[in-house]
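Rule-based calculations on the coordinates, nothing more; no lab input. As the structure is a computational prediction, the values presented were derived from the model and not from experiment. Every residue, glycine as well, gets a Cβ built from its backbone with ideal geometry; the counts of neighbours run over all protein chains shown.
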Amino acid sequence: MGMPFSAALFLDTPFSGWVFVLCSMIVSVLGLFLVRRRANVAWLKTQNEVASFFFLMVGTLYAVLIAFAIYVVWSQFQDAGTNLEHEAFEIGDLSRMSTAMPDPLRQNIHNALLEYLHSVVEDEFPAMAEDRDSPRTWNAVQKLWNVYNTAEVSDPRMQIYYAESLRQLNNICDARRVRLFSSRGTVPPTLWYLLYSGGVLLIILTYLFGHESFWSQAGMTAALTGVLAFSLFLIVAYNSPYAGAARVSPAPLQFELKLIGAKGTT
């Protein structure tokens, strides 16, 4: 998914996110401890003015970068959820219009829609979590198109339903493609390196401050590290809407699957 060190692989649950935050805080305090063993407080105090300048400059730039990344991935996550709802709406509309079609066309559409929904919910959603699509769903899409391509509709009233159904079918395919594209993630690899390296640099700059109390400075360093680590976890979680700790739910499609399946039993 374009992330260095395959971050999404081990930050795919809220628990792993908290472990990442906690481990980052511990490592940052250990780093401060090692610096304090090598450098005395008096020498570190002489670095305060220069360290403060660089810390303020890097911190400001990094805060803007983090805020921008979180905004982008959160917006993409919301758009993915909205697109999935539209896909479900289009499927529901197509199913309702098919009830006006004569048999066996009506039944063929019903069966093809059920097969499409089953393939998306059961196969394509797990596939998107692994950054790939589903051959089963591609086949289901083709079967749905074949049903309409081979249909013979002569009644003028049915032709109106048929033309509108083709438009809905195109919308479904477009929504699916958008869903597949959005599952790839937004943040490019170079930006991931900048986010990680910038966070590490910011923590290292805190080591150059000379505070009389080690534990007081350790607490501030750990707090800053925790905020940065949690921000990175949020970006990882929302970067790929169908993978990671935060995922778009297939509930809209499952709802339509239940409704369409119930129609076939009545």
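Return the FRET efficiency for the residue pair ASP93, TRP145: r is the Cβ-Cβ distance, R0 is 22 Å, and the value is rounded to the nearest 0.05. Intermediate values should be presented prior to the final figure.
On the way: r = 17 Å, r/R0 = 0.76.
E between ASP93 and TRP145, to the nearest 0.05, is 0.85.
Place +1 on the Cβ of every Lys and Arg and -1 on the Cβ of every Asp and Glu in the chain, take the dipole about the Cα centre, and give the residue among GLY17, TYR196, ALA39 whose Cα lies farthest towards its positive end.
Farthest towards the positive end: ALA39.
Computed from the coordinates I sent, mean projected area of the Cα convex hull in nm² equals one of (1) 14.1; (2) 12.9; (3) 16.6. Tell me the label.
Checking each listed value against the structure points to (3).
Once phi is turned into ³J(HN,Hα) by the Karplus curve 6.51 cos²θ - 1.76 cosθ + 1.60 with θ = phi - 60°, what whole-Hz value does each residue of the range 166-180 show in order, with x for glycine and proline?
5, 5, 5, 5, 4, 5, 4, 5, 5, 5, 5, 5, 4, 4, 5
Just to be sure I understand the model, the point goes 7 Å from the Cα along the line to the Cβ. What's the resulting ARG184 to LYS45 distance in nm?
5.7
For the chain, take the longest principal axis of its alpha carbons; what is the angle in degrees between that and the long axis of helix 135-149, to the nearest 10 within 0 to 90?
30
With a point put 7 Å past each Cα toward its Cβ, work out how far CYS173 is from LEU22 in nm, to one decimal.
Taking the simple label geometry, CYS173 and LEU22 are separated by 5.0 nm.
If I fit a long axis through the Cα atoms of helix 14-38 and take the longest principal axis of the Cα atoms of the chain, what angle between them do I get, 0 to 90°, rounded to 10?
20
Quick check on the range 138-236: what are the equivalent-ellipsoid semi-axes from the Cα gyration tensor, as sqrt(5λ), descending, whole Å? It would help to have the intermediate numbers written out before the result.
On the way: eigenvalues 737, 28, 15 Å².
Its equivalent ellipsoid spans semi-axes of 61, 12, 9 Å.
Return the FRET efficiency for the residue pair ARG132, VAL64: r is the Cβ-Cβ distance, R0 is 41 Å, and the value is rounded to the nearest 0.05. Kindly include the intermediate steps, with their values, before the conclusion.
On the way: r = 34 Å, r/R0 = 0.83.
With a Förster radius of 41 Å, E is 0.75.
Tell me the angle of helix 251-263 to the major Cα principal axis of the chain, expressed in degrees between 0 and 90 and rounded to the nearest ten.
20
Sum up the charges of everything whose Cβ sits under 13 Å from the Cβ of MET97, counting Lys and Arg as +1 and Asp and Glu as -1, but leave MET97 out.
Numbers: positive: ARG96, ARG106, ARG157, ARG167, LYS263; negative: GLU90, ASP93, GLU164.
Net local charge, MET97 excluded: +2.
So between ARG38 and THR13, what do we pick up on full extension, going 0.36 nm a residue minus the alpha carbon distance? Could you put the intermediate results ahead of the total?
On the way: separation 25, 0.36 × 25 = 9.00 nm, distance 3.79 nm.
Contour length minus Cα-Cα distance gives 5.2 nm.
Mind checking the full-extension length gain between PHE230 and ALA251? Use 0.36 nm per residue of separation minus the Cα-Cα distance, one decimal, nm.
Details: separation 21, 0.36 × 21 = 7.56 nm, distance 2.77 nm.
In short, 4.8 nm is gained.
Find how much the distance from SER216 to LEU201 grows on full extension, using 0.36 nm per residue of separation minus their present alpha carbon separation; answer in nm with one decimal.
Details: separation 15, 0.36 × 15 = 5.40 nm, distance 2.04 nm.
Once the chain is fully extended between SER216 and LEU201, it gains 3.4 nm.
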